[in-house]
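**Q** I am attaching a structure below and will ask some questions about it afterwards.
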Amino acid sequence: MAEKLMNGDVDKRDEFAEAENYKLPPFPWFGMDVGGTLTKLVYFEPTDLSHEEKDQEKEAVKTIHRYLVGNVAYGNTGIRDVHLEMKNHVLAGRRGILHFIRFPTSEMSAFIELAVSKNLASLSTTVSATGGGAYKFENDFKTRVNLSLMKYDELDSLIKGVHHIDRWRPKSECYYWRVHDDPSRYEKVQFDFRDPYPYLIVNIGSGVSILTVNSQNDYRRVSGTSLGGGTFLGLCCLLTDCETFEEAIELAAKGDNTNVDKLVKDIYGGDYPKMNLSGDLVASSFGSMIFKEKRKSVSKEDLARSTLVTITNNIGSIARMCAVNMGIERVVFVGNFLRVNTISMKLLAHAMDYWSQGSMKALFLEHEGYFGATGCLLELMKSENHL
């Protein structure tokens, strides 16, 4: 494998490169994270194929590659996040490009039909998968595609994915928002993630899981909440008749949650200085909706904004309490809830900074919700069951 790289080009960060007799799975290489709301795919495109390998490559592999790399959108809902692709990436001694693809889990049936049409079963007997959907859709893959799902624990995959990507992008993957009085003036600042321990990771998907991470192999789940990204989208669909996460975020960006929520100043007439509570803080989410006249005047945008603020504040509060209890100052927020969602990121940044008086930092990662799928791909490389 190492001979595929130029002299001196084998990076110690490639955890498979030194295994002399390591037997790799056949191409294509996928990692799949099937969440309750979104399914995430990580696809490794080799760019170092020899002429002999290209000649021997099966037509099905070429078909899948042309389809995935030749498109940015797949059907009405599948998206390849081109801005996240990682070029010149080394995996198991091979050099290539990591591609990141997502589609709603509700469209899994269409994905399975795609796997059938591209003859994926002719290339392998298994697909590497994690997340709850790896169990939910296991029988569908077996009966309709004749593929077994090689299932991996989603939190193990999450941590492995985070550590794999941050090793390749230690100075560009992680960042935080520098807080100002005016949220429009918040600055995005890169954070060097090479020595992050200990840290708390808050994975915001349909629900939320919170883990303490002391090293690459020392981590555990300490808390969580059922109020996550799925809650936000579900409530927005119910309250505003929106259809997609992007639409819900767009509505929230135009709304004003103070028309919906009851603030500290609505109760005290101003600040509550004894408890260091600003009058502009939310005292009761949706609290003003007890008044009929308020309900008549509120807009869909206001309701979406209040829903977003409610969910985000709850996540931030639980995360902060966990961090305080564990004596941890770095809190890393990941998950597709944060995609196109700078509102929540800035709310979390402000909450961590405000309540810790600047000692606690909210950190974010560019690849947001793709770490589980990445970790799943790494597990595929180690598996002896891929043949």
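**Q** Hey, rough spin-label estimate for Thr77 and Asn314, points 7 angstrom out along Cα→Cβ, what's it come to in nanometres?
**A** 2.4
**Q** Roughly how far apart, in whole Å, are the Cα centres of segment 316-387 and segment 174-190?
**A** Each part's Cα centre sits 17 Å from the other's.
**Q** Counting each pair of different Cα atoms once, what's the Kirkwood radius of segment 129-184 in Å, rounded to one decimal?
**A** Evaluated on segment 129-184, it is 14.5 Å.
**Q** Can you tell me which lysines have their Cα less than 26 Å from the Cα of Lys292? Leave out same-chain residues fewer than eight positions away.
**A** Lys254, Lys262, Lys265, Lys300
**Q** Aspartates and glutamates near Lys23 by alpha-carbon distance under 12 Å, same-chain residues fewer than 8 away left out - which ones?
**A** The reachable aspartates and glutamates, counting only those whose Cα sits under 12 Å from Lys23, are Glu384.
**Q** I would also like to ask the following. Figure the gain on full extension for Lys87 and Ile267 (residue separation times 0.36 nm, minus the Cα-Cα span) and round it to one decimal in nm.
**A** 59.4 nm is the gain from fully extending Lys87 to Ile267.
**Q** Using the Cα centre as the reference, give the magnitude of the dipole from point charges on the C-beta atoms of the chain (Lys, Arg: +1; Asp, Glu: -1; all else neutral), rounded to the nearest 20 debye.
**A** For this selection, approximately 660 debye.
**Q** Report in % the part of the accessible area of segment 286-387 that belongs to carbon and sulfur, leaving out ligands and nucleic acids; probe 1.4 Å.
**A** So the carbon and sulfur contribution to the accessible surface is 50 percent.
**Q** Continuing with this model, one more query. Work out the length of the dipole vector of segment 82-204 about its Cα centre, built from +1 on the beta-carbon of each Lys and Arg and -1 on the beta-carbon of each Asp and Glu, and round it to the nearest 20 debye.
**A** The dipole of segment 82-204 has a size of about 480 debye.
**Q** Right, next: Report the full-extension gain for the segment Ala283 to Ser106: residue separation times 0.36 nm, less the Cα-Cα distance, to one decimal in nm.
**A** 60.1 nm
**Q** Tell me whether segment 79-130 comes out rounded, prolate or oblate; compute the Cα gyration tensor, take square roots of the eigenvalues as a ≥ b ≥ c, and use a/c under 1.5 as the rounded threshold.
**A** It is oblate, given that a/c is not under 1.5 and a/b is not larger than b/c.
**Q** How big is D for segment 88-223, in µm² s⁻¹ as a whole number, if Stokes-Einstein is applied with the Kirkwood radius of its Cα pairs at 37 °C and 0.692 mPa s?
**A** For the chosen part, D equals 182 µm²/s.
**Q** Out of all DSSP beta bridges in the chain, what portion is antiparallel? Express it as a percent rounded to 5.
**A** The answer is about 75 percent antiparallel.
**Q** For segment 55-147, give the percent of accessible area contributed by carbon and sulfur heavy atoms, probe 1.4 Å, rounded to a whole number.
**A** Of the solvent-accessible surface of segment 55-147, carbon and sulfur hold 51 percent.
**Q** Per residue, how much accessible area does the chain show when a 1.4 Å probe rolls over the protein heavy atoms, in square angstrom?
**A** It amounts to 47 Å² per residue over the chain.
**Q** Taking amide H atoms as placed 1.01 Å from N in the peptide plane, list the residues 5 or more away in sequence, or in a different chain, whose amide H sits under 5 Å from that of Leu91.
**A** Residues meeting the amide H criterion: Gly96.
**Q** Still on this structure, I have one more. For segment 202-233 and segment 143-159, what is the centre-to-centre distance using only Cα atoms, to the nearest Å?
**A** Here the answer is 19 Å between Cα centres.
**Q** Evaluate 2.2 N^0.38 Å with N set to the residue count of the chain, then give the Cα radius of gyration divided by it.
**A** 1.07
**Q** While we're looking at this one, here's another question. Please identify the longest segment of the chain free of exposed trypsin sites (Lys or Arg not before Pro), where exposed means a DSSP state other than H, G, I, E or B and no more than 10 other Cβ atoms within 10 Å.
**A** It works out to 195-387.
**Q** In the structure displayed, which of Lys87/Lys171; Lys40/Lys361; Lys62/Lys160 lie more than 20 Å apart, Cα to Cα?
**A** In this structure, Lys40/Lys361; Lys62/Lys160 exceed 20 Å between Cα atoms.
**Q** Need one word for segment 156-216: rounded, prolate or oblate. Basis is the Cα gyration tensor (sqrt eigenvalues a ≥ b ≥ c); a/c below 1.5 gives rounded, then a/b vs b/c decides.
**A** oblate
**Q** Which of Val222, Cys237, Val202 sits farthest toward the positive end of the charge dipole of segment 179-243, with +1 on the Cβ of Lys and Arg and -1 on the Cβ of Asp and Glu?
**A** Checked the options; the winner is Val222.
**Q** In terms of the Cα gyration tensor, with a ≥ b ≥ c the square roots of its eigenvalues, is segment 272-338 rounded because a/c is under 1.5, prolate because a/b exceeds b/c, or oblate?
**A** Since a/c reaches 1.5 but b/c is at least a/b, the shape of segment 272-338 is classed as oblate.
**Q** OK, next. Within segment 236-304, report the chymotrypsin sites (Phe, Trp or Tyr not before Pro) that DSSP leaves as loop and that have at most 12 other Cβ atoms within 10 Å.
**A** Phe291
**Q** Right, another one. For the charge dipole of the chain, defined by +1 on Lys and Arg C-beta atoms and -1 on Asp and Glu C-beta atoms about the Cα centroid, which residue among Gly255, Ala92, Ser148 has the Cα displaced farthest towards the positive pole?
**A** Checking the options against the dipole of the chain, the answer is Gly255.
**Q** Using +1 on the beta carbon of Lys and Arg, -1 on that of Asp and Glu, and nothing else charged, what's the dipole of segment 260-328 about the Cα centre, debye to 20?
**A** Rounded to the nearest 20 debye, it is 200 debye.
**Q** Please compute the Cα-Cα pair-distance distribution of segment 257-387 with 5 Å bins starting at 0, giving whole percents from short to long.
**A** 2, 9, 15, 16, 16, 14, 10, 7, 4, 3, 2, 2, 1, 0
**Q** OK, next. Using just the alpha carbons, could you tell me how many Å³ per residue the convex hull of segment 168-284 encloses?
**A** Given the Cα convex hull of segment 168-284, per-residue volume reads 179 Å³.
**Q** Oh, and also: Please return the longest stretch of the chain lacking exposed loop sites, where GluC sites (Glu not before Pro) count only if DSSP places them in a loop and at most 11 other Cβ atoms lie within 10 Å.
**A** The reported range is 21-242.
**Q** Turning to a different aspect of this structure: How large is the helix-only mean residue ellipticity at 222 nm for the chain, computed as the sum of -39500 (n - 2.57) over DSSP H runs with n ≥ 4, divided by its residue count, in deg cm²/dmol to the nearest 500?
**A** -10500 deg cm²/dmol
The values are calculated or read from the model by the stated rules, or taken from the named source; none is laboratory data. Since the structure is predicted, the reported quantities are computational estimates derived from the model, not experimental observations. Neighbour counts are summed over all protein chains in view; Cβ atoms, including those assigned to glycine, are modelled from backbone coordinates with ideal geometry. Please note that ligands, DNA and RNA were not included when accessible areas were found on the heavy atoms of the full protein model with its side chains. Shrake-Rupley method; radii C 1.70, N 1.55, O 1.52, S 1.80 Å.
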